């Protein structure tokens, strides 16, 4: 029996074939005009993909590397910062702040929820050097209102530093209009290539802060990267094949909208949002409970499994029976929720296939009182309404 | 909006990634020990895949090249042959017989049907040098009963020559037990690679006929290929990358059954048959009429569209809306039927996705009185029954 492996994880996401081919062909040296042309092209594309006039840098690291850079480059030991944490990746900001000797005030929200703006407003102090947050908290599949937080920070000296690793390509940002000082993305997310690259936009306000930062940094010294990037180079040996793949993926995103990357970015976000909405409708139709119903992320959907059931069993059954890879909850959510992704190279028929598989597991394996076609039909209604001619 | 291109055509079929990688890596010369080892390995695998002790040859041509070889090598001008024709590929045998100056008696069956065995029995004469037929008539998606025809031919001097181009990997053959003298396959079918290779098994009875054949042949002279194949070579420059891809695909089929290619072949046939049955159930649930209800092929399913509807509109709508590629009818069936494939690298979730897409076209575009999830649910019942634990 053929079972095609289908990644439905919120990173890594399915690889774009055109990017795979570009990676395979990337047999070039990184200190040559060929590479410089590629690097400058990809950096220019990333500016459009992020939607900013700010500098955009590319790091050969995972997204966490760019998160570290966003701490080490703009703060000094003893600085006060505000962290908004509502999940595993919020906690990562706390860990990074601690590692660099910062004093972190933390506003939390329960897993699956987003922050109370009044609480954030009260917590934010002029002495906070930066506010750190996620746009989309991948561990709970909740999205946070970056625009609202940006409104609180604007016209203060505090930097707004946003982990958009699963937010980019799934939600809209007006980086320059809102005043997002740092926005971070990762390669294995909406841009459809394997892990190994992180990218981030850096505002002039952030660059000013970088001048006074006293934190030790070397590999992630963004000033060095900025200087080199202007010449089409990276400070250290870059992940050349991934950069070639990223260029091909951004070409693909542009080509989905007639060559216009800005429109392609909007279409990509729309794609994730419609697939997310269809998936939510399908899973709710099967009786599952959305884990982040009030501010669901379009990057992934998390659902809570019924009391007495282990979400790991469902994840395992989907893998064993259909070679379909979803994600269990992380940390304390393990066993309680499962997550399915929509960011990047997914299309609507992937959603149909996913829900068809979940129906089998729900009915055949778990014995839930559901009918075949029930989730698919709910998703189809969402899709048909979204794309009415 | 992302729409992944999905081939659901009965050749070319979706490419196996492992075969694509093997093709990309096939940078070897064809008169070297490396190539000879590859060629001998693939020929040995093909014997298992066809399921025969007969010689198996590989030609760098489309399936039609092997069909021509099966005429030119075993007959002489003026010979009488019997052709069983029930569609476009049956007619191809008639065309080939004519091209080589044979006298062809033809037993026909209406499109979508198979042959009346009594009629074939009556038509078959001792002077028929060969009987030519399809195992699966791709143009109508009907399968023919090769075993029953073989019973009529056994212990006669007539050769049984079978186009199994879409039959191999979708139905079972006992080549040696039944006495199939020639069985032909093509690369862009169940073996999951692009077009460009044909393969065929040749019985000793057929080799004897080849000795007396007076037809002109050069590129398709099978005696030359047999002689070279024993040394791991092809007579003329072979399509090296495709052969490397074929080897990888046959490895994959074996690996689906723990490394046992014979079991893998059975699993592949089972896969096509379950997907075909699920697809038929789904399409019937939507009110479509099966075009070959009595002897449906597992290679593809053909359905007739309702009176007044053009099947081309449905094919076009699936392509435009979902990038899903199906096949219109050929010849006089154009506009009246559409065909969807199951042979090769398809899995059950592909079938779910296909039916979900057809539901949208049926309901949203064509305005048929159907419900979302209706076809999917019918297919799910078939699948659940087939793979009950």
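Please treat every number below as a calculation from the coordinates, not as lab data. Only a predicted model underlies this, so the values are computations on that prediction, with no experimental measurement involved. All Cβ positions, glycine included, derive from the backbone under ideal geometry; neighbour counts span all protein chains shown.
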Using only Cα atoms and rounding to the nearest 10 degrees, what angle (0 to 90) does helix A:63-72 make with the longest principal axis of chain A? 30
On average, how many beta carbons from a partner chain sit within 10 Å of the beta carbon of a residue in B:48-57? 0
Quick one: Cα centre-to-centre distance for the range A:261-319 and the range B:218-291, in angstrom? 37
Computed E for residue B:40/residue B:76 - FRET, C-beta separation, R0 25 angstrom, nearest 0.05: 0.15
How tilted is helix B:240-255 with respect to the longest principal axis of chain B? Cα atoms for both, answer in degrees (0 to 90, nearest 10). 60
When chain A is treated as a GNM, springs tying every alpha-carbon pair under 10 Å, which of A:182, A:149, A:28 comes out with the largest mean-square fluctuation? A:28
Nearest-ten-degree value, helix B:374-386 long axis tilted from longest Cα axis of chain B: 50
With 10 angstrom as the radius, rank A:345, A:354 by how many other C-beta atoms surround their C-beta, starting from the fewest. A:345, A:354
Give me the inter-chain shielding for A:267-280: mean count of other chain Cβ atoms within 10 Å, whole number please. 1
Sort out for me the Cα centre separation of the range A:35-62 from the range B:75-123, rounded to whole Å. 64
Could you tell me the center-to-center distance, by alpha carbons, between the range A:344-378 and the range B:129-151 in angstrom? 38
What ranking, highest mean first, results for peptides B:6-15, A:106-115 when packing means the other Cβ atoms within 10 Å averaged over each residue? B:6-15, A:106-115
Computed over the range A:244-389, the relative contact order (Cα-Cα under 8 Å, seq sep at least six) in percent reads 25
With an 8 Å cut-off on Cα pairs and a minimum separation of 6 or more residues, tell me the relative contact order of the range A:133-258 in percent. 18
Segment residue B:152-residue B:211, extension gain: residue separation times 0.36 nm, minus the distance between their alpha carbons: 18.8 nm
Measure off 7 Å from each Cα along the Cα-to-Cβ vector at residue B:260 and residue B:289, then give the distance between these two points in nanometres to one decimal. 4.5
Could you compute the FRET efficiency for residue B:371 and residue B:176, with r as their C-beta to C-beta distance and R0 at 35 Å, rounded to 0.05? 0.10
Within the range B:17-255, percent of DSSP bridges classed antiparallel, to nearest 5: 40
Two-site label geometry, residue A:119 and residue B:98: point separation in nm, points 7 Å out along Cα→Cβ: 8.2
Contact order normalised by residue count of chain A, Cα under 8 Å, 6+ apart, percent: 23
Go ahead and set up a Gaussian network model of chain B, Cα springs under 10 Å, then flag whichever of B:102, B:343, B:268 fluctuates most. B:102
Over chain B, the sum of -39500 (n - 2.57) across DSSP H runs of at least four, divided by residue number and rounded to 500 deg cm²/dmol, gives at 222 nm -13000 deg cm²/dmol
Other protein chain Cβ atoms within 10 Å, averaged over every residue that makes up A:357-369: 2
Between residue B:5 and residue A:224, what FRET efficiency comes out of the Förster formula 1/(1 + (r/R0)^6) with R0 = 35 Å and r the beta carbon distance, rounded to 0.05? 0.25
Ranked by Cβ crowding within 10 angstrom, fewest neighbours first, how are B:218, A:348 ordered? B:218, A:348
So for A:178, A:93, fewest C-beta neighbours within 10 Å to most, what's the order? A:178, A:93
Measuring from a point 7 Å out along Cα→Cβ, what nm distances, shortest first, does residue A:307 have to its partners in the other copies? 5.9
